[in-house]
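Read the figures in this text as sums done on the coordinates, not as results from a lab. Note that the structure is predicted; figures quoted are calculated from it, not measured. Cβ coordinates were reconstructed from backbone atoms using ideal geometry, including for glycine residues, and neighbour counts include every protein chain displayed.
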Amino acid sequence: MAAISLSVSTVKPLGDRVFVKVSASEEKTVGGILLPDAAQEKPQVGEISAVGPGKRNDDGSRQALDISVGDKVLYSKYAGTDIKLGGEEYVLLSEKDILAIVN
């Protein structure tokens with residue numbers, strides 16, 4: 001079986017799904033204590049890397065997404081599917097799992 005190398009540019013989300021590049025998690029507490037990997041919380045902030053064409057309406061037309069590539073977003077903690085592409089960590093989310101756009 002041949003190995004397939006995937007990257008964000010070769011994978012396109014479907015419907016109202018988006019690829020979010022996960023931001024690095026905090027390795028230190030506010031007091032300066034280093035956290036081991038097991039104690040680090042899953043990040044909830046990331047940058048949109050790819051977006052799908054949008055959700056289909058009942059009449060067959062597409063509903064445009066409120067977000068676009070490059071937006072920094074806050075998403076639900078346990079939402080989506082974790083994916084590793086090209087050494088980078090991504091989360092594949094539905095638009096409804098995105099809580100806010102962060103400036």
Q. Excluding same-chain residues fewer than 8 positions from Lys96, which lysines have a Cα within less than 28 Å of its Cα?
A. Lys12, Lys21, Lys42, Lys55, Lys72, Lys77, Lys84
Q) Points 7 angstrom from Cα along the Cβ direction at Val69 and Leu14: gap in nanometres? A) 2.1 nm
Q: Going by C-beta contacts inside 10 Å, put Ser61, Ser76 in order with the fewest on the left.
A: Ser61, Ser76
Q. Per the Kirkwood formula on distinct C-alpha pairs, the Rh of the range 51-103 is how many angstrom?
A. 12.6 Å
